[in-house]
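Just so it is clear, none of the values below were taken in a lab; they were calculated from the coordinates. Predicted model only: the values in this text are computed from it and were never measured. In this analysis, Cβ positions are derived from the backbone assuming ideal geometry, glycine residues included, and neighbour counts consider all displayed protein chains.
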Amino acid sequence: MAIRQLRYENDPILRKKSREVEIIDDRIKVLVQDMLDTMYKEEGVGLAAPQVGILKKVVVIDVGDGPITLINPEILQKEGENIDLEGCLSIPGKSGKVCRPEKVKVEYLDLEGNKNTIIGTDILSRALCHEIDHLNGILYIDKVISTEEE
Ligand code: ZN
């Protein structure tokens with residue numbers, strides 16, 4: 001178990017695009033485990049690799065139904081709209097209202113390298129979109145409708 005150092009709002013690495021994972025080797029598996037440990041310790045519902053300084057397309061999410069690991073995730077379909085409060089472990093103490101799809105379908109590789117799809121609604125849709133944005137150097141504050149201090 002290892003907690004990784006989080007990167008915060010003004011760190012330029014958060015604005016860079018992540019690269020595809022080509023081989024799911026032990027380094028990727030350790031990264032995933034560390035990301036889960038870090039996410040749970042910080043009480044987040046999702047974490048993307050750039051938030052711990054690694055520019056690879058790796059995302060972990062747990063919206064309360066257990067951990068999901070997504071390698072090279074890509075949104076295939078979006079449906080509807082849903083405006084709600086959203087926060088980010090890289091921007092502590094703040095949250096803002098963001099419009100996200102009500103439902104998304106995402107394709108990804110699991111840790112065994114198998115291609116999977118996941119359909120997320122409500123908070124899972126929001127988490128998937130938020131974390132996949134991180135892989136493209138996008139933060140929720142880029143899309144925010146109104147900000148709130150906590
Ligand atoms: Zn975030």
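Cross-link list K16/K57; K16/K143; K56/K143; K29/K115: which exceed 21 angstrom alpha carbon to alpha carbon? Display every interim value, and only then the final one.
Working: K16/K57 12 Å; K16/K143 17 Å; K56/K143 23 Å; K29/K115 17 Å.
Violating the 21 Å Cα-Cα cut-off are K56/K143.
Across 10 Å bins from the origin, how do the percents of Cα pairs in the chain run, short distances first?
Distribution as computed: 12, 44, 37, 7, 0 percent.
Considering only DSSP beta bridges whose two residues both sit in the chain, what percent are antiparallel, to the nearest 5?
95 percent
At 7 Å along Cα-to-Cβ for each site, give me the label-to-label distance between L55 and I23 in nm.
Using points 7 Å along Cα→Cβ, the separation is 2.1 nm.
Please list, ordered by chain and number, the residues whose modelled amide H lies under 5 Å from the amide H of E102; skip anything fewer than 5 residues away on the same chain.
For E102, whose amide H was placed from the backbone, the distant partners under 5 Å are E79, G80, E81, N82.
In sequence order, what are the phi-derived ³J(HN,Hα) couplings for the range 89-103 according to the Karplus relation 6.51 cos²θ - 1.76 cosθ + 1.60 with θ = phi - 60°, rounded to whole Hz, with x for glycine and proline?
Each residue's phi maps through the Karplus curve to give 4, 7, 10, x, x, 10, 8, x, 7, 10, 8, 10, x, 5, 8 Hz.
Once you keep just the Cα pairs under 8 angstrom separated by 6 or more residues, what percentage relative contact order results for the chain?
25 percent
Under a plain spin-label model, where a point goes 7 Å from the Cα along Cα-to-Cβ, how far apart in nm are E42 and K143?
1.8 nm
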